[in-house]
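As structure tokens, the structure follows; a few thoughts come after it.
Each value in this text was obtained by applying a stated rule to the coordinates, not by laboratory testing. The model shown is predicted, which means the values in this text are computed figures rather than measured ones. Counting neighbours? That spans all protein chains shown, and the Cβs are built from the backbone with ideal geometry, glycine included.
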Amino acid sequence: MLPVIALVGRPNVGKSTLFNYLTRSREALVADFPGLTRDRQYGRVKHGNRPCLVVDTGGIADDAQGIESVAREQVQIALEEADVIVFMVDAREGLSASDRAIAATVRKLAKPVILVTNKVDGIDASVAAFDFYALALGEPVLVAASHGRGVPELLERVNALLPPEQPIVEHDSKRDIAIAVVGRPNVGKSTLINRLLGEDRVIVYDEPGTTRDSIYIPFERNGKTYTLIDTAGMRRRSKVSEVIEKFSVIKSLQAIEKANVVIYLVDANEGITDQDAHLLGLVLEAGRALIIGLNKWDGLSQSQKETVKRHIEIKLAFLEFAEKHPISALHGSGVGKLFEVVHTLYDSAMVDMSTPVLTRILKEATTEHQPPMVHMRRIKLKYAHQGGRNPPVVIVHGTQTDALPISYKRYLTNYFRTKLHLSGTPIRVEFKSTA
Ligand code: GDP
Ligand code: GDP
């Protein structure tokens, strides 16, 4: 499970500034993928090697003019699911009534809370912080989010409060393929899961879960084993109580994290909403192989189909690598083919790449297009080796690699992807300077 850190605090204390600072790698990602917009509410932060999910709850509430109930529900879920609450106050403004009100709410959650006093740049921080001891939330961490000051200390404090890390199980190719079915409510996730499992399968399940937990369903098909990660709560719904599952962004992200292949369903009648685009951006960030299932294809006329395809090309330009696959979960068309696609994508995501092959591809790429000169010396890229799987990571060693322009990095990334015949998975190319 990705640990969840929730940022709370009244408007203007600097939550989104801190969020941006913590999720900086996303900025690079956004720059790398034209058309990808930042999600200002959910992001990943890496402390050491442990990725965490950070949620700016203020962003969610502020955006909702007149406060939409959907947005408020997501704030509630984020608070319920948080492992650690980071409660931010403004050192310059001092303690306010709304700070006290938020403190009271936070205390009721009975979760680990870290008090953060922000904007301590250029003022006497210890004096400024004094006020906030009245909140009885312990020693505040003094931070200047806009400069990153105090953030390492904050992350240390967060880290100390997180649940212990589970050892990571390396996926090997003989294991189950983990498939997450993700998408907004009503796009057809449960219908698809029923299809994938086969209609006659008796589904019994009555373990209560939190809104963060998905259901893991192992199944077999043609001698191959899979685990379906169900974010829709389909099995729970089949119970007498018929509890309709709450949609939870955090749950979707947790499922994505656990998957080898993500089937992201959209309702082809509705197209791609902003929320879809943001979730898909996070699939990209997690580096998962991705099938975009265009569901309810049965209901569309020929001209509508053309329109939907065009719309998707434009909206999802940043997901050029993903497979787009029209299906009808209800009638079953396209569903059998999904398994083939899943296997192809899985093989790409888990590919083994040898150092000689990667180095040869690197040589070809640099011969076709030399890296630029920097400080009168040409950037040299010498060799490449594999740094990971799911997603495939290529590590390129050379000189002055810090100075490589984004355009050249993008060129190399595309070159590797093409030459390695990867389909449906993003690939990461990282650079290390040896001199
Ligand atoms: P939010 O409403 O809590 O998300 O607050 P923002 O992140 O939008 O910040 C509100 C204002 O405070 C902006 O003008 C920021 O530039 C400013 N701000 C944020 N962090 C700092 C800081 O560490 N020092 C100073 N001086 N200003 C900051
Ligand atoms: P979920 O909330 O994402 O799990 O969505 P459901 O599986 O509960 O489906 C929502 C509604 O869409 C139900 O009424 C389904 O019958 C309908 N539906 C699902 N798949 C299809 C499809 O391929 N075509 C059509 N026409 N309707 C579908």
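For the residue pairs Lys15/Lys409; Lys315/Lys337; Lys46/Lys409, the C-alpha atoms sit more than 29 angstrom apart in Lys15/Lys409.
Coupling constants for the range 390-396 follow from the phi torsions by the Karplus curve (6.51 cos²θ - 1.76 cosθ + 1.60, θ = phi - 60°), and in residue order they are 6, x, x, 10, 10, 10, 9 Hz; glycine and proline get x. Seen from Lys119, the other residues with C-beta closer than 9 Å to its C-beta sum to a net charge of -2, counting Lys and Arg as +1 and Asp and Glu as -1. Of Ser303, Ser248, the sequence from fewest to most neighbouring Cβ atoms within 10 angstrom is Ser303, Ser248. Amide H contacts of Val394 (H built 1.01 Å from N, in plane; Pro and chain starts excluded): Gly387, Arg428, Val429, Glu430 sit under 5 Å, all sequence-distant by 5 or more or on other chains. Can you give the FRET efficiency to the nearest 0.05 for Arg378 and Ser354, using r as the Cβ-Cβ distance and R₀ = 25 Å? That pair, Arg378 with Ser354, gives E of 0.40.
Starting from the Cα gyration tensor of the range 78-157, take the square roots of the eigenvalues, sort them a ≥ b ≥ c, and report rounded, prolate or oblate (rounded when a/c is under 1.5, otherwise prolate if a/b is larger than b/c, else oblate). The shape class here is oblate.
Distance between the pseudo-spin-label points of His147 and Gln386 (7 Å out from Cα toward the beta carbon): 4.6 nm.
Computed from backbone phi, the HN-Hα couplings of the range 134-144 come to 4, 6, 6, 10, x, 5, x, 8, 8, 9, 10 Hz, rounded to whole numbers (Karplus: 6.51 cos²θ - 1.76 cosθ + 1.60, θ = phi - 60°; Gly and Pro given as x). Entry note, the chain: the mean residue ellipticity at 222 nm calculated from DSSP H runs of n ≥ 4, each adding -39500 (n - 2.57), is -11000 deg cm²/dmol after division by the residues and rounding to the nearest 500.
Taking amide H atoms as placed 1.01 Å from N in the peptide plane, the amide H of Ala289 lies under 5 Å from those of Val262, each 5 or more residues away in sequence or on another chain. When the alpha-carbon atoms of the chain are used, the pair Rg, Dmax equals 23.4, 73 angstrom.
Think of the chain as a dipole: +1 on every Lys or Arg Cβ, -1 on every Asp or Glu Cβ, centred on the Cα centre; then among Thr57, Ala134, Thr367, Thr367 lies furthest on the positive end.
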